[in-house]
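The values are calculated or read from the model by the stated rules, or taken from the named source; none is laboratory data. For clarity, every value in this text was computed on a predicted model and none was experimentally measured. Ideal geometry is used to build each Cβ from the backbone, glycine not excepted, and the neighbour counts take in all protein chains shown. The protein model used for the area step is the full one, side chains on, heavy atoms only, and it has no ligands, DNA or RNA in it. Shrake-Rupley method; radii C 1.70, N 1.55, O 1.52, S 1.80 Å.
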Amino acid sequence: MDNIIRRRTPGARLLRAGLYALLLVMALVYLLPLVVMVLTSLKPLEEIRAGGLLSLPDSLTLAAWLKAWGTACTGMRCEGLSGYFMNSVSIVIPAVAISTLVGALNGYALTKWRFRGANLCFAMLLFGCFIPFQVVLMPMAQTLGWLGLASSTSGLVLVHVVYGIAFTTLFFRNYYVSVPDEMISAAKLDGAGFFRIFWRILLPVSGPIITVSVIWQFTQIWNDFLFGVAFAGFDSQPVTVALNNLVNTSTGVKEYNVDMAGAMIAALPTLVVYVLAGKYFVRGLTAGSVKG
Amino acid sequence: MSALEIRNVRKTFGTTEVLKDISLAIDSGEFLILVGPSGCGKSTLMNAIAGLEPVTAGEMLIGGEDVTWRTPAERDIAMVFQSYALYPSMTVRQNIVFGLEVRKVPKAEREEAVARVAELLQITPLLDRKPSQLSGGQRQRVAMGRALAREPQIYLFDEPLSNLDAKLRVEMRTEIKKLHQRLGTTIVYVTHDQIEAMTLADRIAVMRDGRILQLGTPDEVYNDPADIFVAGFMGSPSMNFIRATLAGQPGSYRLSVDVGGEQPLVLPWPAERETPALVRHVGEPVTLGLRPEHFSEEDARLGDRIEGTLLNTTTTVVEPTGADLLLRVALGESEITVRLGPKSRAVPGEPIALRVDMSRAVLFEPETESRLA
Ligand SMILES: Nc1ncnc2c1ncn2[C@@H]1O[C@H](COP(=O)(O)OP(=O)(O)O)[C@@H](O)[C@H]1O
Ligand SMILES: [Mg+2]
């Protein structure tokens with residue numbers, strides 16, 4: 001039951017029926033690629049070559065998934081995506097954690113310890129949100145070289161942290177603006193300093209915005225291809241780069257089912273994060289005021 | 001030695017000067033109230049005392065020590081905020097104990113403090129709740145408890161009761177007064193409510209536009225106001241300001257008030273309230289200040305003779321407050337407010353005879369609004 005009183009004339013009903021039909025078709029069109037991917041990844045190769053793209057599989061098999069995970073060739077190596085998947089994990093976890101923490105500290109300092117030039121500082125950070133990836137490729141490569149972090153996991157983590165701070169700072173700043181200043185003043189009078197106020201007073205009320213920041217950063221960094229392909233070393237390539245290699249490595253026949261399974265594996269973590277925490281994401285974006 | 005001394009403090013935000021040369025000294029154990037209209041700089045002054053905002057100029061001394069550049073933590077001050085500013089993620093107990101914990105007070109003492117404060121404010125059953133589970137009045141108590149847990153040299157209260165409903169506000173007002181009498185602490189208390197100021201204060205500082213206009217006991221501020229603003233701000237309903245002309249000479253000054261008729265109303269100025277300044281204003285317009293309670297009804301039924309000049313006029317509005325009766329009565333073109341006892345039979349539109357008690361009247365210079373007599 002929705003909460004609207006509608007007109008009940010035959011014309012209006014017909015219109016609604018048409019509307020739902022249209023929505024249904026659009027939904028199917030949107031869903032189709034995913035359905036094809038799932039179906040294809042579960043079919044044996046012969047069936048794919050024999051039948052149409054949309055036909056249901058005669059026999060279900062996880063062989064393609066296992067191959068994509070463990071033995072498919074990505075360029076020279078034939079060890080599947082598993083290693084690269086773990087590479088992605090070891091890039092994403094520190095990068096998300098660090099960029100979220102730094103964003104929270106930035107937002108806190110920008111709103112609750114307003115220093116001269118805080119607004120300018122924030123405006124410049126905000127500008128960082130609008131710089132396209134491609135623009136920073138060359139200077140970043142140079143910088144990583146100077147730092148001795150080229151082609152390493154730490155280097156990639158650094159790149160993602162630097163690029164993500166603009167966004168996480170924006171999230172936390174806008175959230176902390178609505179936390180009453182008097183709460184911070186009270187803590188100062190209680191004798192607490194910068195970091196104690198942050199850990200004990202502010203962070204415990206930051207749940208919603210931490211969720212937003214983590215989901216945002218997780219999807220951004222996990223799905224990143226450009227930085228991965230540009231800055232990763234041979235051993236530190238993320239799964240997105242490996243997927244590209246897997247699809248492009250031709251060993252005679254094109255193994256569509258393995259490609260599809262690989263793509264699913266690469267996309268799964270972000271899907272899972274959305275399903276598990278998506279509603280908190282929406283809530284966090286609209287949350288703000290802390291009820292005393 | 002003063003518990004708190006403020007010397008020539010100024011504060012500017014950008015180009016606007018919010019505090020303009022404030023000086024103030026508060027004795028130990030004194031209850032000082034800062035009162036003034038919204039936006040006059042009360043909170044800014046409190047924040048300056050607390051060390052939350054640096055002052056632009058001037059000095060601040062607590063217990064004789066210069067604390068102008070000390071952090072809030074180093075000042076030994078506790079503050080109760082208008083919004084209560086409780087820590088939402090902590091229980092009431094944790095809220096109260098946080099300041100002690102930060103100051104590394106041993107656990108046994110902390111628990112003692114919580115027990116003491118909780119009993120004092122009757123919040124023992126609430127200790128394990130979160131602020132979001134409390135009513136407004138309860139939050140207010142917890143906010144006070146947090147301040148009382150430490151025993152600082154000075155307590156600051158910034159409009160602590162203004163978010164409560166009227167009944168609770170009066171109750172808490174009494175409790176704060178009791179607390180002060182019991183603990184003998186030094187308190188600086190901000191309010192824009194002049195009744196709160198009158199009932200609580202040892203001394204009142206009336207502020208306007210970043211200046212202290214008058215600093216004195218409630219009695220002084222009420223009966224002996226420094227200027228028209230103070231006179232009008234303190235007291236509800238407000239003092240009546242009546243245009244008059246000064247006449248006569250030392251020893252027999254008179255005020256004549258145009259009441260629309262042929263003859264002006266002539267009010268003799270009591271000789272004991274004369275000031276030397278008056279002589280320069282003879283023949284000039286002055287502003288006469290009379291509080292609503294400076295009038296009484298000339299009632300034949302009551303029979304008793306009341307002192308004062310007779311004023312025959314007409315009632316326009318009658319507002320019973322229960323305890324007494326507020327009337328609006330005509331005075332020439334304008335109207336004044338008069339407070340009468342509940343037995344009065346005043347009826348709107350009917351004539352009424354009033355006596356004016358000039359012994360508590362005040363006179364102001366209309367241009368500068370300063371006090372003449
Ligand atoms: N941080 C600030 N920046 C600029 N102006 C301020 C700031 N804080 C207060 N003011 C101004 O100072 C004046 C006094 O404010 P405040 O002390 O809060 O008044 P009150 O507490 O008496 O209502 C107001 O006009 C307000 O706009
Ligand atoms: Mg204020």
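Would you mind telling me the share, in percent, of accessible area of the range A:82-287 contributed by carbon and sulfur at probe 1.4 angstrom?
Ligands and nucleic acids excluded, carbon and sulfur reach 69 percent.
All Cα-Cα distances of the range A:200-252, cut into 10 Å bins from zero to the largest, leave 21, 32, 22, 17, 6, 2, 0 percent in each bin in turn. With both residues required to sit in the range B:2-228, DSSP beta bridges show an antiparallel share near 55%. Listed by chain and number, the lysines whose C-alpha is less than 25 Å from the C-alpha of A:Lys254, apart from same-chain residues fewer than 8 away, are A:Lys43, A:Lys67.
What number comes out for accessible area per residue over chain A if the probe is 1.4 Å? Units Å², please. All intermediate terms of the calculation are to be shown ahead of the outcome.
Details: 16090 Å² over 292 residues.
That works out to 55 Å² for each residue.
For the peptides B:270-278, B:187-195, the ranking by packing is B:187-195, B:270-278, with the highest mean count of neighbouring Cβ atoms within 10 Å listed first.
Where only DSSP H runs of four or more residues are counted, chain A gives -23000 deg cm²/dmol as its mean residue ellipticity at 222 nm, each run worth -39500 (n - 2.57).
When the other protein chains are added to the chain by itself, burial of at least 30 square angstrom of heavy-atom accessible area (probe 1.4 Å, ligands and nucleic acids ignored) affects these residues of the range A:163-184: A:Glu182, A:Met183. For the protein assembly as shown, the percent of C-alpha pairs falling in each 10 Å distance bin, counted from 0 to the bin holding the largest distance, reads 3, 11, 15, 15, 14, 13, 11, 8, 5, 4, 2, 1, 0. Would you list, by chain and number, the lysines whose Cα falls below 23 Å from the Cα of B:Lys11, excluding same-chain residues fewer than 8 positions away? In chain and number order, the partners are A:Lys112, A:Lys188, B:Lys20, B:Lys42. The A-B contact accounts for approximately 1900 Å² of buried accessible area, totalled over both chains at a 1.4 Å probe radius. For chain B, with all protein chains present and a 1.4 Å probe, just round the carbon and sulfur fraction of the accessible area to a whole percent. The value for chain B is 49 percent carbon and sulfur by accessible area. Shape class for chain A, computed from the alpha carbon gyration tensor (a ≥ b ≥ c): oblate, with a/c not under 1.5 and a/b at or below b/c.
Cysteines of chain A lacking any other cysteine Cβ under 4.7 Å from their own Cβ: A:Cys121, A:Cys129. About the centre of its Cα atoms, chain B shows a dipole size close to 1260 debye [charges on the beta carbon of Lys, Arg (+1) and Asp, Glu (-1) only; nearest 20 debye].
Dipole check for the protein assembly as shown: with +1 at the C-beta of Lys and Arg, -1 at the C-beta of Asp and Glu, and the Cα centre as origin, the magnitude is about 2460 Debye.
Okay, helix-only estimate at 222 nm for chain B: each DSSP H run of n ≥ 4 adds -39500 (n - 2.57), divide by all residues, round to 500 deg cm²/dmol; what do you get? List each step's numbers first, then the result.
Numbers: 8 runs with 86 residues, N = 373.
Taken over chain B, the calculation gives -7000 deg cm²/dmol.
Summed over the residues of chain B and divided among them, the accessible surface reaches 46 Å² per residue at a probe radius of 1.4 Å.
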